[in-house]
Amino acid sequence: MASLESNKIRRSVILLQPALLYFQTNQSGATPLSIANIQTQVKSDDRALRFRFSLLWQHLAIKVLLGVLVLTILFAVTRWQAIFAALIVVGFFGQMLTEYLIHRFIFHLKPPQNQFYFNVLYLAHYGHHDFPNNGRMLFVPIWFVLPVMTGGVVLYGLNFALLGFANAFDMAVVTVFIGHVIAFLGYEWYHMTAHLNIRKFGVEKRVTRLHILHHFKDYTQSYHVSFGGEMIDQVMRTAIDVENRANHAKKEFIRTIGLDPADPRLVAARRTFADEFGLSEVEIKAAERGSKLGISNQ
């Protein structure tokens, strides 16, 4: 019995390890906190919801997309057609697929030799793997989100026009700026939650277990984050069996997506964005050594 309880405790600790540092807002902006401080803060919040909403609201793309969503809903209401309801559903599931495809085939592209392009991907995603506990690298940058959404409107619009719809533009706007945006906001919520050491509700526990495996077991598997997207990983044969995770081999250099932690491109990117992401000299040196430092930033 004691052994069973010990195993349960050990599994719980493993699930909490990835989310050791977060940030809070004060007059000087977002500043890193140690895990001890952040646990005290979260425990004082009855359901940890207000805490998560405050983190989301610090992300510019969330504010912009919420505004776009509200305006598009008003736009759709004034021109409402029955087909709009179906298009919102299409857009929602379209974003689920988009989430997987972008994460796997763009964010996990083979690291470019050119430092400029490497830095772009480091800002978009590599950096998040390199420093998974850094709150400033937690969300998709607005300079990536807006072009993707806008490109989606163009693609949907062209397809609807080719199918002979007279209101192709209206249909495309509703599909992307309502359906896709709602799903994307859900993704940001689930992804943020997976990285936070706070109380999880319902499906958030499952999402966290799967995403932790992507970060700390095999970065070439389990690409989807949003709840329900696991079936896409299964269809694409990139799913990790949670129950059998102990037998899944851990990838070498897991935090640096297969690169040597001292790879010159990584070293240069860390130095370039140190101020932007609040990286200390200790963190940078530890990352170059492949250290698992990150329990405390103090």
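Since every read-out is calculated from the coordinates, none of them should be taken as a lab result. As the structure is a prediction and not an experimental result, all values here were calculated from the model. Note that we place each Cβ from the backbone using ideal geometry, even for glycine, and neighbour counts take in every protein chain shown.
Over the range 154-279, what number does the Rg to Rh ratio reach, with both radii from the alpha-carbon atoms and Rh per Kirkwood?
Working: Rg = 19.3 Å, Rh = 17.6 Å.
Answer for the range 154-279: 1.09.
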So which aspartates and glutamates pass the test for LYS250, namely a Cα distance under 13 Å, with those fewer than 8 places away in the same chain ruled out?
ASP218
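Rounded to two decimals, what ratio of Rg to Rh does the range 15-288 give with C-alpha atoms and a Kirkwood Rh?
Values: Rg = 19.6 Å, Rh = 20.0 Å.
Radius of gyration relative to Kirkwood radius: 0.98.
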If we count every other residue with Cβ under 10 angstrom of ASP218's Cβ, Lys/Arg +1 and Asp/Glu -1, where does the sum land?
+4
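Using the count of nearby Cβ atoms within 10 Å as a rough guide to exposure, how do GLU281, GLU204 rank from fewest to most? Could the numbers behind the result be given before it?
Working: GLU281 8, GLU204 17.
Listed from fewest to most nearby Cβ atoms, that is GLU281, GLU204.
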